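**Q** Quick one: structure below, then a few questions.
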Amino acid sequence: MNAAAATIILLVISNVFMTLAWYGHLRMQQTDMAKNWPLLVVILVSWGIALFEYCFQVPANRLGFRENGGPFSLFQLKILQEVITLTVFTVMAMFMFQGEKLQWNHLAAFLCLIGAVCFTFLPKA
């Protein structure tokens, strides 16, 4: 597997954990599983999940970074990561939060971010 594909796969996995760390407690609250958890417990559980996110995010950035032999500049890595974050969030939100609806303006914003990825990969002038 090449470095670009490995980087993207690792970023997707890390963003699954990140989405669970950031928004999973909201879903657990909706199902009454964590409704009465104190905020400190929610924070600690989220940090525990985020540890796994970092276990994939850091290697993805190291592997993908041009100065480490990877294919991406620092800005390309960051913008790519943001689009992956939004994609993973959107898919997970559609399944985890049934009341949340994807609207036309969400799709328009997503297309703008995809445009940002395209712009970042254009050759330098």
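Bear in mind that the values in this text are calculations on the coordinates, not laboratory data. What you see is a predicted model, and the numbers here were worked out from it, not measured in a lab. All Cβ positions, glycine included, derive from the backbone under ideal geometry; neighbour counts span all protein chains shown.
**Q** If we keep just the residues of segment 10-34 that are out of contact with any helix residue (DSSP H, G or I) (no Cβ under 8 Å at 6 or more places or on another chain) and assigned to a helix (DSSP H, G or I), which is surrounded by the most Cβ atoms within 10 Å (Cβ to Cβ)?
**A** M28
**Q** Check whether at least one residue in segment 57-65 is assigned to a helix (DSSP H, G or I) and loosely packed, with under 13 Cβ neighbours inside 10 Å, and report yes or no.
**A** Yes.
**Q** Of everything in segment 58-105, what is among the aromatic types (F, W, Y) and farther than 13 Å from A3 by Cβ? Give them in sequence order.
**A** Of everything in segment 58-105, those that are among the aromatic types (F, W, Y) and farther than 13 Å from A3 by Cβ turn out to be F75, F89, F95, F97, W104.
**Q** Another one. If I ask for residues that are over 20 Å from G24 (Cα atoms) and surrounded by fewer than 12 Cβ atoms within 10 Å (Cβ to Cβ), which ones from segment 75-108 would you list?
**A** Of everything in segment 75-108, those that are over 20 Å from G24 (Cα atoms) and surrounded by fewer than 12 Cβ atoms within 10 Å (Cβ to Cβ) turn out to be F75, Q103, W104, N105, L107, A108.
**Q** Taking W37 as meeting all but one of (1) among the aromatic types (F, W, Y); (2) part of a helix (DSSP H, G or I); (3) over 27 Å from F119 (Cβ atoms), write down the number of the exception.
**A** (2)
**Q** Within segment 77-125, how many residues turn out to be touching a helix residue (DSSP H, G or I) at 6+ places or on another chain (Cβ under 6 Å) and assigned to a loop (DSSP other than H, G, I, E, B)?
**A** Looking only at that region, the number is 1.
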